[in-house]
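All remarks here apply to the structure that follows.
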Amino acid sequence: MDSILIGKIVNIHGIKGEVKVYPYTDDIDNLAKTKKVYLDDKLIKGYDVKSCKVIKNMLVFKLQGIDSVEVANTFRDKDIFIPKKEISEEDTYYIEDLIDCEVIDMKSNEVIGKVTYVFNTGANDVYEVEKSDSNKVYLPAIKQVIKNVDIKDKKIYVELMDGLI
C-alpha cells in the first residue's frame, strides 16, 4: 500500500472552509506538518494544506480550494490519506504492519501466536494474538510487555507479566 490512512473528516470548523479531522494516530503533532492530503488511498486527488492546527486532540485543516462552509461540508465523513513515504521515522509502525507478526516470549523463546487484530482501549492499544490452538490472548501494548517490534522480520518480542496469559 502506498498510502496511509491518517484520519477522517468529522466536521467543519469556523466559517472559512476549515475541516476538522479525527486522527487515527497519537502522533498528531507530526501530522500537523503535513503539506498535502488525499481523499482516496490511490493518491489521485490531492489538496495542498494551507494551514493545520491541533485543537483538543483534533486536527483542523485549511485545504487549498475549500473556502466555504458549504464546500467543506461536502467533505464530511471522508477519509484522509497521505503517502506512506512521508512518514518514515524509525520505530514507527502501523496497525497493518503488526497484523500477522509472530509474538515471541523473550524468556522461553517460544512463539505465542500471531497478531490478528489491534484495538485501542483509550489508555493503550491491545494486540489480539491467536495461538496455534486457535485460542486468543490479549496483550497490552505497553513498554513493560512489548519489548521489541521487528516489522521487517514480522516478529514482536514480549515479556509476559505474571497472570497475563
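When the residues of the range 45-57 are narrowed to those that are out of contact with any helix residue (DSSP H, G or I) (no Cβ under 8 Å at 6 or more places or on another chain) and part of a strand (DSSP E or B), which ends up nearest to residue 4 (Cα to Cα)?
Within the range 45-57, the subset out of contact with any helix residue (DSSP H, G or I) (no Cβ under 8 Å at 6 or more places or on another chain) is 45-51, 53, 55-56.
If we keep only those that are part of a strand (DSSP E or B) too, we end up with 46-51, 53, 55.
On the way: 46: 14, 47: 15, 48: 17, 49: 17, 50: 20, 51: 20, 53: 20, 55: 22 Å.
Going through the qualifying residues, I end up with 46.
Scanning the range 135-144 for residues that are outside any strand (DSSP E or B) and over 20 Å from the mean Cα position of the chain (by Cα) returns 135, 144.
Is it true that some residue in the range 108-121 is in a strand (DSSP E or B), in contact (Cβ under 8 Å) with a residue 40 or more places away in the chain and surrounded by 13 or more Cβ atoms within 10 Å (Cβ to Cβ)? I'd like the intermediate steps shown before the answer.
Start the filter on the range 108-121 by keeping residues that are in a strand (DSSP E or B), which leaves 111-120.
Then drop every residue that is not in contact (Cβ under 8 Å) with a residue 40 or more places away in the chain, which leaves 112, 115.
From the residues that got through so far, the ones that are surrounded by 13 or more Cβ atoms within 10 Å (Cβ to Cβ) too are 112, 115.
Within the range 108-121, one or more residues are in a strand (DSSP E or B), in contact (Cβ under 8 Å) with a residue 40 or more places away in the chain and surrounded by 13 or more Cβ atoms within 10 Å (Cβ to Cβ).
Answer yes or no: is there a residue in the range 70-84 that is more than 27 Å from residue 151 (Cβ to Cβ), among the hydrophobic types (A, V, I, L, M, F, W, C), part of a helix (DSSP H, G or I) and in contact (Cβ under 8 Å) with a residue 12 or more places away in the chain.
Yes, because at least one residue in the range 70-84 is more than 27 Å from residue 151 (Cβ to Cβ), among the hydrophobic types (A, V, I, L, M, F, W, C), part of a helix (DSSP H, G or I) and in contact (Cβ under 8 Å) with a residue 12 or more places away in the chain.
Listed by first and then second residue, the pairs with beta-carbon distance under 8 Å, at least 6 apart or on different chains, first residue in the range 131-143 and farther than 14 Å from residue 118 by Cβ, second at pLDDT 90 or above and not small (Gly, Ala, Ser), are 131/112; 131/137; 132/111.
The residue pairs whose first member lies in the range 24-44 and is not assigned by TED's automatic domain parsing to the domain that holds residue 80 and part of a loop (DSSP other than H, G, I, E, B), whose second member is buried (at least 16 other Cβ atoms within 10 Å of the Cβ) and at pLDDT 80 or above, and whose beta carbons are closer than 7 Å, counting only pairs six or more residues apart or on different chains, do not exist in this structure. May I ask you to list the residues in the range 1-29 that are surrounded by fewer than 20 Cβ atoms within 10 Å (Cβ to Cβ), modelled with pLDDT of 90 or more, in contact with a strand residue (DSSP E or B) (Cβ under 6 Å, 6 or more places away or on another chain) and of a type in the set (Val, Ile, Thr)? Matches in the range 1-29: 10 only. Applying the criterion of being modelled with pLDDT under 90 and of a type in the set (D, E, K, R) to the residues of the range 91-107, the residue that is nearest to the chain's Cα centre (by Cα) is 96.
The values are calculated or read from the model by the stated rules, or taken from the named source; none is laboratory data. Just so it is clear, the model here is predicted, and its values are computed rather than measured. Don't worry about glycine lacking a Cβ; one is built from the backbone with ideal geometry, like all the others, and counts go over all protein chains shown.
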